[in-house]
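Enquirer: Quick one: the structure is below, questions incoming.
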Amino acid sequence: MSDTRQLLDRLRQLLVEKAYLKGDFILTSGKRSDHYFDCKRVTLDAEGLAVASELLVEKLRAAEIGAIGGLAIGADPIVAGVVALSWQLGYPVQGFIVRKEPKAHGTSKWIEGSIQRGARVAIVDDVVTSGGSIIKAINSARVEGLEPAIAYTIVDREEGGADNIEREGHLPFEPLVRYGELFS
C-alpha cells in the first residue's frame, strides 16, 4: 500500500488539474455556482481512479466494512474501482449501485449487485454539495435491507452537505478532500 499522505496529495493535484472548473454552473442541488468539480474527469482517469480507490479501500478496511455503493452515475466508476482494487490489496469488498428509481421491470429493485440483506455498507459519491444524492442512496439501501454505516465522497464542496448527511442520513460522513484544502 502507498503512503496515505502521498495519495491524498496526488488526489488533490488531480482534482485541481482535471476536475476543477470556473464559470457559471447549475449544480445537481439546483444551486448556482462559479466553480464546479467534474469529478468524472478524475474517476474515469486511470491514475485518478486508482488513487481514490486505494484511499477508499484503506478506509473500508479500517472501518471493517465489506461493501460499498452509491447512486448512479456519480458513484459508478468509484464503486467499480474500489471493488477491483480491493481484491488486489487483500481486502475484497462487494459493490452495488443504487438506481435513481426502482427498476420498472423484473425484480423492481433499487439496488444492483449481490449484496446480502443486513450487510453493513458504505455509501459513496463523487462530489457532495447538499448531500441529497448520498441521502437518497442511504434511504434506498435501507429500503433494500442494507445497513449503511458511513458515507464517503471524493470532494466535499463544504456547502452544508456534511451536516445534512449526518442529520438526515443518520451516518458519519468522511470526505477524502474538502474544497478548502485544495486552495489553501
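Enquirer: How many percent of Cα pairs in region 4-182 exceed 19 Å?
Expert: 54
Enquirer: With the chain treated as a Gaussian network of Cα nodes joined by springs under 10 Å, which of Val143, Val51, Val121 yields the largest mean-square fluctuation?
Expert: Per the Cα network of the chain with a 10 Å cutoff, Val143 tops the list.
Enquirer: Among Val127, Val93, Val82, which one moves the most in a GNM of the chain with springs linking Cα atoms closer than 10 Å?
Expert: Looking only at Val127, Val93, Val82, the biggest GNM fluctuation is shown by Val93.
Enquirer: Give me the one-decimal nm value for the distance between modelled label points at Asn139 and Ser184, 7 Å along each residue's Cα-to-Cβ direction.
Expert: Here the answer is 3.3 nm between the modelled labels.
Enquirer: Follow-up question, since we're still on this one. Can you give me the relative contact order of the chain as a percent, contacts being Cα pairs under 8 Å and 6 or more apart? Could you put the intermediate results ahead of the total?
Expert: Values: 354 pairs, mean separation 30.6, N = 184.
Taking the mean separation of contacting Cα pairs over the length of the chain, I get 17 percent.
Enquirer: Please report how far the C-alpha centroid of region 123-184 lies from that of region 1-62, rounded to the nearest whole angstrom.
Expert: One Cα centre to the other: 14 Å.
Enquirer: State the antiparallel share, in %, of DSSP beta bridges confined to region 4-182, rounding to the nearest 5. Mind dumping the intermediate values first?
Expert: Values: 7 of 27 bridges.
If I count the DSSP bridges inside region 4-182, around 25 percent turn out antiparallel.
Enquirer: Work out how far the C-alpha atoms of region 1-89 reach from end to end along every principal axis, then list the three figures in whole Å, largest first.
Expert: Cα extents, longest axis first: 40, 27, 21 Å.
Each reported figure results from applying straightforward, stated rules to the coordinates on display, with no laboratory input. Remember, predicted model here, so these are calculated numbers, not experimental data. When we count neighbours, we look across all protein chains shown, and the Cβ atoms used for this are built from the backbone with ideal geometry, even at glycine.
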